[in-house]
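Asker: This is the structure I have questions about; it appears just below.
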Amino acid sequence: MTLYPMKLVTVVTESLAREPLVRLLEEAGAHGYTLTHVEGAGAQGARFADMPESANIKFKVLVPPEAAARIFERLAAEFFPLYATVAYETDVRVVRAGKF
Amino acid sequence: MTLYPMKLVTVVTESLAREPLVRLLEEAGAHGYTLTHVEGAGAQGARFADMPESANIKFKVLVPPEAAARIFERLAAEFFPLYATVAYETDVRVVRAGKF
Amino acid sequence: MTLYPMKLVTVVTESLAREPLVRLLEEAGAHGYTLTHVEGAGAQGARFADMPESANIKFKVLVPPEAAARIFERLAAEFFPLYATVAYETDVRVVRAGKF
């Protein structure tokens, strides 16, 4: 049993961005994803109480570092101007980079 | 495109703690959050089969290290005596510390 | 308030693997878990558009490194041959390794 270092890329965005995001992730080299529906609130300079909660989607993909960089570059160029989007990467060790 | 090192703070707690937790996170400096409903079970010294599953909420916020420390101090003082709560931080790199 | 370094183990698998996975996690030393229902798609060498999305379950447990290794060894031996499963670990710092 071996552990492989990989990047876990998390993208939280608006539900209507689902289809273009799945395409982007696949084109950038992801072989699978998980999708969770989350509630979210937030914006720089506003109070939580003044914001409506909105339904968002959270995608997670396990990719090598180069693919993470490709995802972030395309998100910054194509998604940030259009959708409220937050993206980040975490270092993980994967037992098998299989099905998802 | 730049990546910013930040702390991802995760708090799993009882559903009834939702409103005070949102207030605490905001006061500690979070600009947004995501909330997921999770099932959970667990307690030191009990067998899973003997425990009822309960509905819990999981909050995630992206914050600088000082804010993470403020959140943990307040959780330990104000939440741990009242609610079953687990909290932890992870190092992440954020593309844009924006909306959530 | 002290932070303890621990491993966050994430396992994404098929819904029908739920009961044996809970047993495995407990036997390996986990004192609690959270469970989220996620959608997922993926497989090496297939296009996302050609794959049906499936309902999966995602378990998270906080454990010491030895327990993480035990979980991964048993998953590789007992789950990978039977269920589409992905598992990985992340370094986290836990405020209190309590209830979950």
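Asker: How many residues, within segment A:1-16, are at pLDDT below 95 and not β-branched (Val, Ile, Thr)?
Answerer: 6
Asker: Next question, about the same structure. What's the number of the condition C:ARG96 fails, among (1) at the interface with another protein chain (Cβ under 7 Å from one of its Cβ atoms); (2) modelled with pLDDT of 95 or more?
Answerer: (2)
Asker: B:PRO20 versus (1) part of a strand (DSSP E or B); (2) modelled with pLDDT of 95 or more; (3) not aliphatic (A, V, I, L, M): which is the lone unmet condition?
Answerer: Result: B:PRO20 passes all but (1).
Asker: Additional query: Does segment A:39-56 include one or more residues that are modelled with pLDDT of 95 or more, at negative phi and among the aromatic types (Phe, Trp, Tyr)?
Answerer: First, the residues of segment A:39-56 that are modelled with pLDDT of 95 or more: none.
No, every residue in segment A:39-56 fails to be modelled with pLDDT of 95 or more, at negative phi and among the aromatic types (Phe, Trp, Tyr).
Asker: Give me the pairs: first residue in segment C:4-21 and farther than 15 Å from C:GLU78 by Cα, second residue surrounded by 13 or more Cβ atoms within 10 Å (Cβ to Cβ) and among the hydroxyl-bearing types (Ser, Thr, Tyr), beta-carbon distance under 8 Å, and six or more apart or on different chains, which are they?
Answerer: Pairs that qualify, where the first residue is farther than 15 Å from C:GLU78 by Cα and the partner is surrounded by 13 or more Cβ atoms within 10 Å (Cβ to Cβ) and among the hydroxyl-bearing types (Ser, Thr, Tyr), are C:MET6/B:TYR88; C:LYS7/C:THR90; C:LEU8/B:TYR88; C:LEU8/B:THR90; C:LEU8/C:THR90; C:VAL9/C:TYR88; C:THR10/C:TYR88; C:THR10/C:THR90.
Asker: A follow-up question, please. Could you count how many residues in segment C:1-37 are more than 10 Å from chain B (Cβ to nearest Cβ) and surrounded by 18 or more Cβ atoms within 10 Å (Cβ to Cβ)?
Answerer: Going through segment C:1-37 one residue at a time, the tally reaches 11.
Asker: Given the conditions (1) within 25 Å of A:VAL63 (Cβ to Cβ); (2) surrounded by 15 or more Cβ atoms within 10 Å (Cβ to Cβ); (3) modelled with pLDDT of 95 or more, and given that C:PRO65 satisfies all but one, which numbered condition is not satisfied?
Answerer: (2) is the only condition that C:PRO65 fails.
The values are calculated or read from the model by the stated rules, or taken from the named source; none is laboratory data. All figures in this text were calculated on a predicted structure; none of them were measured in a lab. Quick reminder, even Gly has a Cβ in these numbers, built from the backbone with ideal geometry, and neighbours come from all protein chains shown.
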